[in-house]
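Trainee: I have a structure I would like to understand better, so I am pasting it below and will then ask my questions one at a time.
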Amino acid sequence: MILYSIPDAIILGFGIYTIFWFLLNSREHKLQWNKLDEAACVLFSIGGLLLLGRELYDFYWSFDSISSEEDYYALDNRIFGPYWINYWLPPLIKILLSQALWLKKIRGNRGLRITVAVLVLLPWEWLLILIYSMSSDYLPSTWGMFSINNTLAQLPIFLILLGLSYWLRLKLGQKRD
């Protein structure tokens, strides 16, 4: 199973390398750093392609190894059910970010590179498990499922209340002066 963990090791190694590259990049050895950085970006992109191959392999074998109708329903619910984003988001982020570095504009932009490194190093699976766990906490007030539509509906209300509290704070601060 060592081949199974190689794409993850390449991707995480690139994230750590990028952070150190920004911390240690000096003007004296710019040409040497650029060659090393080009090689690291190509290796990261190849690691993303290896991850894509691994995910397609897993997807195929998960359907091929189904032995009963309950297993099929469970897998179908995991992939296309209400929490489909937990299944698709972690590998898609890593694959898309790795393939974005083939573009020279993204590869050369320091801000985008550090953003890619941070997004690659985030434990997406843990974050999604946390969201899933918090959406089913078994209290009667929260028996409904998490929905992005509810979040999008609550966001303007939160922003309005935030603006109102900021405005009141400014007005109260002016009265004191």
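The values are calculated or read from the model by the stated rules, or taken from the named source; none is laboratory data. Keep in mind it's a predicted model, so treat the numbers as computed, not measured. Neighbour counts are summed over all protein chains in view; Cβ atoms, including those assigned to glycine, are modelled from backbone coordinates with ideal geometry.
Trainee: When the residues of the range 21-55 are filtered to those that are modelled with pLDDT under 85 and under 15 Å from V120 (Cβ atoms), which remaining residue is surrounded by the fewest Cβ atoms within 10 Å (Cβ to Cβ)?
Mentor: F22
Trainee: Tell me yes or no: at least one residue of the range 138-153 is among the aromatic types (F, W, Y) and at pLDDT 85 or above.
Mentor: No: zero hits.
Trainee: I'd like to verify a number: residues in the range 1-17 that are at pLDDT 85 or above and of a type in the set (F, W, Y), how many?
Mentor: 2
Trainee: Taking the condition of being surrounded by fewer than 16 Cβ atoms within 10 Å (Cβ to Cβ), without any contact (Cβ under 8 Å) to a residue 40 or more places away in the chain and more than 12 Å from the chain's Cα centre (by Cα), how many residues in the range 64-99 meet it?
Mentor: Of the residues in the range 64-99, 18 are surrounded by fewer than 16 Cβ atoms within 10 Å (Cβ to Cβ), without any contact (Cβ under 8 Å) to a residue 40 or more places away in the chain and more than 12 Å from the chain's Cα centre (by Cα).
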